[in-house]
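Heads up, the thing below is written out as structure tokens.
The values are calculated or read from the model by the stated rules, or taken from the named source; none is laboratory data. All values reported here derive from a predicted model rather than from experimental measurement. Every residue, glycine as well, gets a Cβ built from its backbone with ideal geometry; the counts of neighbours run over all protein chains shown.
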Amino acid sequence: MGKFSKRFYAIKKDREFRYLFKKGSTCPSYGFVCYFKPSNRRRNRCGIVTGKKIGNAVARNRSRRVIREAFRIFDNELTAVTDKRFDFIFVARDKTPTLKSTQILGTMRLKLRPLLLGKDAVKNQG
């Protein structure tokens, strides 16, 4: 694929967003709410939702950037650990623009990894 590969694969269709909101599992945290569902695709995919309650366009774009960067690192870690693939939707909260991507990444590791890998696999990881 070359030295530079795509950062992450996005969920873009409204039908896929609605399907994940309806059928996916939920994981709320202080920085975001995550909906996820196992997928048969080759890669993990991510969709990010930022509503107007977050703030102006600058705050919404910052929220998307922070979540996107944290997911990029989390995706690499998840791909290295398991062969399972998932579709994710992250809904930003009003605190998201004030957080750093490392804080969001820590939340993803803390909240999502046990749900995605199973509790025994996380204990064996370290």
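Of the strands (runs of 3 or more DSSP E) entirely within region 21-102, those holding at least 3 residues that are under 18 Å from Ala10 (Cα atoms) occupy 32-39, 45-49, 85-92. Among the residues of region 65-83, those identified as surrounded by fewer than 18 Cβ atoms within 10 Å (Cβ to Cβ) and not polar (S, T, N, Q) are Arg65, Arg68, Glu69, Arg72, Ile73, Glu77, Ala80, Val81, Asp83. Among the residues in region 85-102, are any over 25 Å from Tyr19 (Cα atoms), surrounded by 15 or more Cβ atoms within 10 Å (Cβ to Cβ), modelled with pLDDT of 90 or more and of a type in the set (S, T, N, Q)? So far as region 85-102 goes, yes, one or more of its residues are over 25 Å from Tyr19 (Cα atoms), surrounded by 15 or more Cβ atoms within 10 Å (Cβ to Cβ), modelled with pLDDT of 90 or more and of a type in the set (S, T, N, Q). Flag: Arg45 does not match the condition of being crowded, with 17+ Cβ neighbours inside 10 Å and closer than 14 Å to Ile104 by Cβ.
Do we have Ile11 as over 26 Å from Gly118 (Cα atoms), at pLDDT below 95, of a type in the set (A, V, I, L, M, F, W, C) and surrounded by 15 or more Cβ atoms within 10 Å (Cβ to Cβ) here? No; evaluated as a whole, the condition is false for this residue. Please verify whether Arg18 is in a loop (DSSP other than H, G, I, E, B), more than 22 Å from Pro114 (Cβ to Cβ) and not β-branched (Val, Ile, Thr), treating the condition exactly as stated. Spelling it out, it is not the case that Arg18 is in a loop (DSSP other than H, G, I, E, B), more than 22 Å from Pro114 (Cβ to Cβ) and not β-branched (Val, Ile, Thr).
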